[in-house]
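Visitor: Please see the structure below; I have some questions.
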Amino acid sequence: MTIIQPFTSDYDEFLRDESRSVGTASFIAFPETEDDVCAVLRELHAEGTPVTVQGSRTGLAAGAVPQGGCILNLSRMNRYLGMRRDEDGRFFLRVQPGITLMELNHALRKRSIPADGWDAASLEARQAFLDAPLHMFPTDPTETSASIGGMAACNASGARSYRYGAMRGHVSAVRLAIANGDMVSASRGQAMAHDGVLSLTAEGGRVIAAPLPSYAMPHAKCASGYYMMPAMDAVDVIVGSDGTLGVITELELELMDAPQSVWDVACFLPSEQHALDFVAQAHGIERAISIEYIDAAALDVLRERATGDVPLPPEGPCCCVSIEIGAEDDAAMESLETLMEALEQAGGDADATWVASTEAEREGQRVFRHAVPENVNRIIDERRRTYPHITKLGSDMSVPFDRLPDAVALYRSTLAREGLEAATWGHIGDAHLHVNILPRDMDEYARGKALFAEWAREITAMGGAVSAEHGVGKLKRDFLEIMYGEDAIREMARFKLAFDPKGQLGRGNFFSEELLGSLKS
Ligand SMILES: Cc1cc2nc3c(=O)[nH]c(=O)nc-3n(C[C@H](O)[C@H](O)[C@H](O)COP(=O)(O)OP(=O)(O)OC[C@H]3O[C@@H](n4cnc5c(N)ncnc54)[C@H](O)[C@@H]3O)c2cc1C
């Protein structure tokens, strides 16, 4: 019996994600197993019905917002499937895609991974895991309700990617259901592209031969379009494919030793230039896990609006650079001393610095950082009451680290030229800032949007990426074209069509309907 249901208003919440864009759908399905996913895809393939995959819908680029057809929501695929330990003693956990980051973190921290139905080898690895020092999964895209499958599809990252890199590096294997319902397995090191083609054989024998696009990826943090390298691993391109190549039905995650202690140090500096000087010195500091930034305007928003237990920054104009250090206690103290020296040299005040070492103290600083986007979003929501068409205008661009001062200068000069209000924060250690324009009316909104396109061109010219972590989805399609050019997008579309010849999956993500239509055989 089919699990595809007609779409009714009871499911309206599934028409949107955190970008607050709203789509349309005719059907919805909530598979619980890989077989369910394949059955749904087979059924929809005959008619070429569009399929939009959803994890937790926390995405900010409208990737999970349907453009007609069927929603395939994976939130019920949330089981732990097994574990293995390799000859180097590393642990690998096999999961379904609907497990949330919050659930995974809890299971790892409490060493309480459910093992129902696991085979003997997995149970043995699990016992070794329980006896080993604490492990963690390092990718943390802030929003812990995100699903593991969605995080992989967007190649999510977040603050700690400064040390650990993005999601891609922590996925060792995936299973992918392609549009016709066939399954493809890819384990790291086993399926590599060569001679300009990525060839994969689906279970059942169908061969996918996808021609590699010829564009070069930037030397900056990047979640813009398909990962592409001449001899790339199939796992690397499936991660970051934004629901356009297939449905990730299973992932194997590499776990890491958790640092013995983590210190969270919030430094306040008198100006943005002081902050940039400090970041230049702190970059590369041993044992740093993250280097984050909050600008003066965003701190002002907190002072004016934050309620409850949110710690407030010191009085007077200042910016905040937060650095997490992860290590054993003595080593952490050594890094902290180096950091304080760098802070004083950059004109910061060690006495005004917050140092959090206990879990409760760190939670206070986490609340402080999270209160920034929350309160900025409230401003947008208030303005939307007068101008309902205003949406959040938050950038997600990155540059190579040596171009960080140029990117900041670009943002500041163009915002001043346009007279636009903005609040900025983000992953400054990765030269990746979220500049959030706060339009006061529709004219400012239009000028803000135009400014984003200008930034996309300039950031591309600096060797950067138009999306560093949120993915392209539907909202940044134009920027993707600015970054790589029309020909490269066409090549990307041909690569997609090798997996999905009818262009059913992730409709509207990366590619316009017109483009895919013109290339379909
Ligand atoms: C407050 C807030 C802060 C955030 N901060 C960060 C941050 O710091 N760093 C960061 O990287 N992100 C951040 N995000 C964005 C978001 O959390 C990530 O994009 C997340 O990885 C998406 O996961 P999801 O399960 O919600 O995916 P969804 O939104 O449901 O889907 C995202 C995309 O993945 C596809 N997809 C989902 N599951 C699968 C699957 N199993 N197979 C194939 N395709 C699939 C969808 O089709 C869609 O294209 C933030 C979001 C919010 C709301």
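The values are calculated or read from the model by the stated rules, or taken from the named source; none is laboratory data. It should be emphasised that the depicted structure is a prediction, and the values quoted were computed from it without experimental measurement. Counting neighbours? That spans all protein chains shown, and the Cβs are built from the backbone with ideal geometry, glycine included. Please note that ligands, DNA and RNA were not included when accessible areas were found on the heavy atoms of the full protein model with its side chains. Shrake-Rupley method; radii C 1.70, N 1.55, O 1.52, S 1.80 Å.
Visitor: Run the helix sum for the chain: -39,500 (n - 2.57) per DSSP H stretch of 4+ residues, divided by residue count, reported at 222 nm to the nearest 500 deg cm²/dmol.
Guide: Rounded to the nearest 500, it is -10500 deg cm²/dmol.
Visitor: Here's something else I'd like to know. With a 1.4 Å probe and all protein chains left in place, how much accessible area per residue does the stretch 344-481 have, in Å²?
Guide: Per residue, the stretch 344-481 has 42 Å² of solvent-accessible surface.
Visitor: What Kirkwood radius, in Å to one decimal, follows from the Cα pairs of the chain?
Guide: Result for the chain stands at 23.9 Å.
Visitor: Oh, and also: What's the magnitude of the charge dipole for the stretch 301-437 around its Cα centre, counting Lys and Arg as +1 and Asp and Glu as -1 at the beta-carbon? Answer in Debye, nearest 20.
Guide: 1280 debye
Visitor: Still on this structure, I have one more. P(r) of the stretch 397-521 in 5 Å steps, Cα pairs, percent per bin?
Guide: 2, 10, 19, 19, 17, 12, 10, 7, 3, 0
Visitor: What whole-number value in cubic angstrom gives the convex hull volume per residue for the C-alpha atoms of the stretch 226-374?
Guide: Here the figure is 181 Å³ per residue.
Visitor: Another question about this same structure. May I ask you to give the solvent-accessible area per residue for the stretch 211-333, in square angstrom, as obtained with a 1.4 angstrom probe?
Guide: I get 35 Å² per residue for the stretch 211-333.
Visitor: Place a +1 charge on the Cβ of each Lys and Arg in the chain and a -1 charge on the Cβ of each Asp and Glu, then give the dipole magnitude about the Cα centre in debye, rounded to the nearest 20.
Guide: Approximately 1600 debye in magnitude.
Visitor: Take the Cα atoms of the stretch 174-222, find their three principal axes, and give me the spread along each one in whole Å, biggest first.
Guide: The Cα atoms of the stretch 174-222 stretch 38, 22, 22 Å along their principal axes.
Visitor: Using the scaling law 2.2 N^0.38 Å as the reference, what is the normalised Cα Rg of the stretch 314-370?
Guide: 1.19
Visitor: Please work out the C-alpha center-to-center distance from the stretch 462-498 to the stretch 23-66 and express it in whole Å.
Guide: 22 Å
Visitor: A further question follows. Relative contact order (percent) for the chain, with alpha-carbon contacts under 8 angstrom and 6 or more residues of separation?
Guide: Normalised by residue count, the contact order of the chain is 17 percent.
Visitor: What figure in square angstrom, to the nearest 10, would you give for the accessible area of L410 with a 1.4 Å probe?
Guide: Result for L410: roughly 20 Å² accessible.
Visitor: Then there is this: Would you tell me the accessible area of F27, worked out with a 1.4 angstrom probe on the heavy atoms of the protein chains, in Å² to the nearest 10?
Guide: Accessible surface of F27 is approximately 80 Å².
Visitor: Same structure again: Once you have the alpha carbon radius of gyration of the stretch 261-461, what is it after dividing by 2.2 N^0.38 Å, with N set to its residue count?
Guide: Here the Cα radius of gyration is 1.05 times the empirical estimate.
Visitor: Give the accessible area for H470 in Å² (nearest 10); use a 1.4 Å probe, count only protein heavy atoms, and leave out ligands, DNA and RNA.
Guide: Spelled out: H470, probe radius 1.4 Å, area about 50 Å².
Visitor: Give me the compactness ratio for the stretch 83-192, meaning the Cα radius of gyration over 2.2 N^0.38 Å.
Guide: Compared with the compact-globule rule of thumb, the stretch 83-192 sits at 1.11.
Visitor: Between the stretch 314-330 and the stretch 244-302, what is the C-alpha centre distance in whole Å?
Guide: Computed from Cα coordinates, the inter-centre distance equals 10 Å.
Visitor: Specify the inter-centroid distance of the stretch 70-87 and the stretch 401-428, based on alpha-carbon positions, in whole Å.
Guide: 40 Å
Visitor: Would any residue of the stretch 257-278 have its amide N under 17 Å from a label point 7 Å out along Cα→Cβ of A352? List them or say none.
Guide: Those under the cut-off are 265-278.
Visitor: Under a point spin-label approximation (7 Å from Cα along Cα-to-Cβ), what is the Q273-R42 distance to one decimal in nm?
Guide: 6.8 nm
Visitor: Leaving out ligands, DNA and RNA, and with a 1.4 Å probe, what % of the accessible surface on the chain is carbon or sulfur?
Guide: Percent of accessible area from carbon and sulfur atoms in the chain: 49.
Visitor: Would you rank K502, K476, K449 by solvent-accessible area, highest first, keeping every protein chain in place and using a 1.4 Å probe?
Guide: Ranked list, largest accessible area first: K449, K502, K476.
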